[in-house]
1. Could you pull out every residue, at least 5 positions away or on a different chain, whose amide H is within less than 5 Å of the one on Ile420? Hs are placed 1.01 Å off N in the peptide plane, and Pro or chain starts have none.
2. Students often check this: by mean Cβ neighbours within 10 Å, which of 111-121, 518-528 ranks highest, and how do the rest follow?
3. Which whole-number value in Å³ per residue fits the convex hull of the alpha carbons of the stretch 487-551?
4. Under the rule of at least 5 residues apart or a separate chain, name every residue whose amide H is placed under 5 Å from the amide H of Trp154.
5. Ignoring everything except DSSP H segments at least 4 long, calculate the 222 nm mean residue ellipticity for the chain; use -39,500 (n - 2.57) per segment, divide by total residues, nearest 500.
6. Using Cα positions and a limit of under 29 Å, work out the lysines in reach of Lys254, with same-chain residues fewer than 8 apart set aside.
7. Whole Å is fine, so just give me how far the alpha carbon centre of the stretch 452-520 lies from that of the stretch 228-302.
8. Output the peptides 277-288, 530-541 sorted from most to least packed, where packing is the average of other Cβ atoms within 10 Å over each peptide's residues.
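Nothing in this text is a laboratory measurement; each read-out follows from the coordinates by a stated rule. Quick caveat: nothing in here was measured; it's all calculated off a predicted structure. Neighbour counts are summed over all protein chains in view; Cβ atoms, including those assigned to glycine, are modelled from backbone coordinates with ideal geometry.
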Amino acid sequence: MRSGLDKGEIKRMPTATKPVPLGDRPAWKALQGHFEQIGGKHLRELFAADPGRGERYTAEADGIFLDYSKNRVTDETLKLLVQLAEESGVREKIEAMFRGDKINITEDRAVLHVALRAPKSESIVLDGEDVVPAVHAVLDKMSGFSDRVRSGAWKGHTGKKIRNIVNIGIGGSDLGPVMAYEALKHYSQRDLVFRFVSNVDGSDFAEAVQDLQADETLFLVASKTFTTLETMTNAHSAREWLLGQLSDETAVAKHFVAISTNAKEVGKFGIDTENMFGFWDWVGGRYSMDSAIGLSTMLAIGPDNFRAMLAGFHAMDVHFRTTPFEKNLPVLMGLLTVWYTDFFDAQTVAVLPYEQYLKRFPAYLQQLTMESNGKHVTLDGTHVTTQTGPIYWGEPGTNGQHSFYQLIHQGTRLIPCDFIGFYKTLNPLGRHHDMLMANVFAQAEALAFGKTAEEVKAEGVAEALIPHKVFEGNRPSNTILAESVTPEVLGKLVALYEHAVFTQGAIWNIDSFDQWGVELGKVLATRILGELESASAPDGSHDSSTNSLIERYRKNK
Ligand code: F6P
C-alpha cells in the first residue's frame, strides 16, 4: 500500500466534502426534469431560436478560447449545471485543494500540483511548512543540470558530451514527458536525441537503445515510488547495457539520474542522491509533468521555456480558482461532461487536436482523466448512483477523419468531441494550415447540424440512397482555440483538463487522486510470474481459464 493508512482508517471527510447525495441535490432533480424537456431538442432548433448563441456561449481565459455553443444546452441547462456545482461544494473543494487540505482521503494526502507552478512570491503551507521554496529549489537544480547537459559541460564517463537522453518511466512518469516532448519539439535542442522507455516488454528498451552509444547516453529513471516493476526492470536492463559497453561501475554516476520521492530506493539502485531530483507525495503521478518528472522536457526545451510552461499552468490555476463558474473554462467543460455522461448516457469523450505536435495529447489525457475519475464509490465508500468518468480517446486531425469519424457522424452512439485548434502554425507551409483549420470548423459544423433527408434529396440523390446519406447531426462538441503551440499554451491546456477532471470528480464526490484499481492486477502478475518461471508445475489454484493459459504458455515459451 502506498499510504500510511490501514484499511478502515480513512480519515473523516472535511465537512465541505460531505455534500448531499448527488441524486438528492435540488439542481440534480431539476436537471432530470429539464432533460426530459430539452434532451431531444436539436442543435438546429437551438441555433435557430437564438442567433447570438455562437458568440454568447463562449469563454476565454488567458488566450484560451472555448466555444461551447454546439452543446445540447440552453441558458436553463447552464444555470442548473452551475447550481449543481455550487450545491456539490465545487467552490469549497477548489479552495481545499489550493489550501493543501488532504483531499486525497484514501491516501491521506494533499493534492498540490498547483504548488509546482506557483511563483516564488507565493506561499502554500502544508503541515506547517511553506512548500514553494522547495519547489523552486528543485527547479533551480534542474535548470543547472539541464544547462550543463545542453551545453555539453556535463561529460559522460569517457569524456564525451551527452547526445542521447532516455527517460525510463511509466504512467505519469512517462505519458506527460512524452506528450510534452512531442508537443514542444519545435523548441527542442535538435542535437539531442530523446527516447522514452515505458513498457516492460523488452522490445521497448531494445529498440530505444539499439542505435545509441552508451558513453553518449544519459538515462533519467523517473519513478515517484522507485518501486514500479516496469521502470525498475528497464532501469536494471539499462544499467547492464551501459556496463556492457563501458565495463566500469563508476560510469553509472555520469549516465544515470533519478527523479523520485524515494531517496532510499534511489540509493539502493546505486544512483548517487546528488543526482536525484526530488518531488513530494502531494504530487500525483498523473499530475507530475511539471515537477522534476518534467526533467526530460526541460532538457529538451531549456529552463526558460520550461518556466514559461509553468507560467501557463499557473495562469489557468488562477483562472480556475477565481473566475465565476459561468465563465470558468475548466468548470464549464467539467459540467458539460457530467451532463452528457449522466443524462445522455454518453460513454466516451473524443479529444481531437488539429495539431500534429499534440499527437500524444489524447494518450496523456487518458491517464489523467480515467485514472482520476474511473471510480465506483464516493468519498464515503458508498456505491455511486450515476455513471462516473467517461472513456477519453482521440487522434490528431485530420487523420481521425479518415478512420473513426464515420461512427461519430453516423453511428448510434453520442460522442461529445473536444476540437482543439490554433490560429497560427509553427510550420507555415503553403495552404496547409488553412486547410487544417477549415476541417476543424467543418467537422464541428457537420456534427452539430448534419444534413436532412430533404437536403440530400434536393441534391438529386436516388431514393434508396437517401437514408445512407443523411447526417442526423445534433452531435455536440467544444471548440478550443489558442494562438499556437507554445510552452505557455501547453501549460494552460493541460491545466484546463486537470481542473475539468477535478470539477467532474467534485460533482461525483469521488476521490480523483487515488488509483486503487491498478493494484489487483499488479499483485496477481507477481504471483503468476513466479508460476511462469518456476521449474515445478504450478498448483493450478487459479480459475480454469487462467490455469490453462499459464500451462499453455509454459509449454510453448
Ligand atoms: O499506474 C499506477 C501508477 O501508480 C500511476 O499512478 C503512476 O503514474 C505510475 O503507476 C507510475 O508510478 P511511479 O512513478 O511510482 O513509477
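1. Here Leu352, Tyr354, Ile480 satisfy the definition.
2. On the way: 111-121: 19.6, 518-528: 10.9.
Output ranking for 111-121, 518-528: 111-121, 518-528.
3. Values: hull volume 9.8 nm³, N = 65.
Value for the stretch 487-551: 150 Å³ per residue.
4. Val149
5. Working: 23 runs with 249 residues, N = 557.
The helix contribution divided over the chain gives -13500 deg cm²/dmol.
6. List returned: Lys141, Lys155, Lys160, Lys161, Lys185, Lys224, Lys264, Lys268.
7. For the stretch 452-520 versus the stretch 228-302, the Cα centre distance is 36 Å.
8. Working: 277-288: 22.8, 530-541: 10.7.
Result, highest mean Cβ count within 10 Å first: 277-288, 530-541.
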